[in-house]
Amino acid sequence: MRKCLEKKGVKKLPSTSSRTGQRLARHVRQSINRAVNQCFTQHEGCQFAYEHLSVATMKFKVRAMNTYLYASNLAHIPKQIAWNAAKRGVAAIRVKSAYTSQECSVCHYPDKANRPNQQTFCCRVCGHSTHADLNASINIEHRWGDDELRACKDRKAVKVLLLQRHEAWKTQNGWP
């Protein structure tokens, strides 16, 4: 979003109801379309898994951040992925997003403390350390065909299942 704004020479985000704001939103959607098309072109024939996020429920305390969130058109990304996948005959599955960024991809331990900052992932139990986005993408990949996780009705059920898997991992690897 920042790069897009810099490219357009925008210093302050305009109102979403203004003509300039609407033009900027169209430009952002167009940039998203290009990025998704490029992804599908570069990874021809691949299957895609992406998080089932609800942008409508994302809210910030600062009003300006909500404006940036709206202008970023995040809700357009999954729509564009689904449309592009259908157009190309490629499988694209939305997976549950609960704890993908907090779950350790090695031992399955879900905890907020595993993410000390935006970029870093460091598991409090097994010590696995990597970039947070890489860890989350591995978790999303593992959720592709996970029927047990798909059957979970809410976040609590997902956490219970992840904790069960963590206990199984500890037992399998000889952890106390």
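Name the residue that is surrounded by the fewest Cβ atoms within 10 Å (Cβ to Cβ), counting only residues in region 92-118 that are touching a Phe, Trp or Tyr at 6+ places or on another chain (Cβ under 7 Å) and part of a loop (DSSP other than H, G, I, E, B). By that ranking, first place goes to Arg115. Tally up the residues in region 15-69 that are at pLDDT 85 or above and in a loop (DSSP other than H, G, I, E, B), please. Count: 5.
How many of the residues in region 119-158 are open to solvent by less than 60 Å² (accessible area, probe 1.4 Å) and either part of a loop (DSSP other than H, G, I, E, B) or polar (S, T, N, Q) (or both)?
Number of matching residues: 14.
The values are calculated or read from the model by the stated rules, or taken from the named source; none is laboratory data. No experiment lies behind these values; they were computed from the predicted model shown. Neighbour counts run over all protein chains shown; Cβ positions are idealised from the backbone, glycine included. Calculation scope for accessible area: heavy atoms of the full protein, side chains included, ligands and nucleic acids excluded. Shrake-Rupley method; radii C 1.70, N 1.55, O 1.52, S 1.80 Å.
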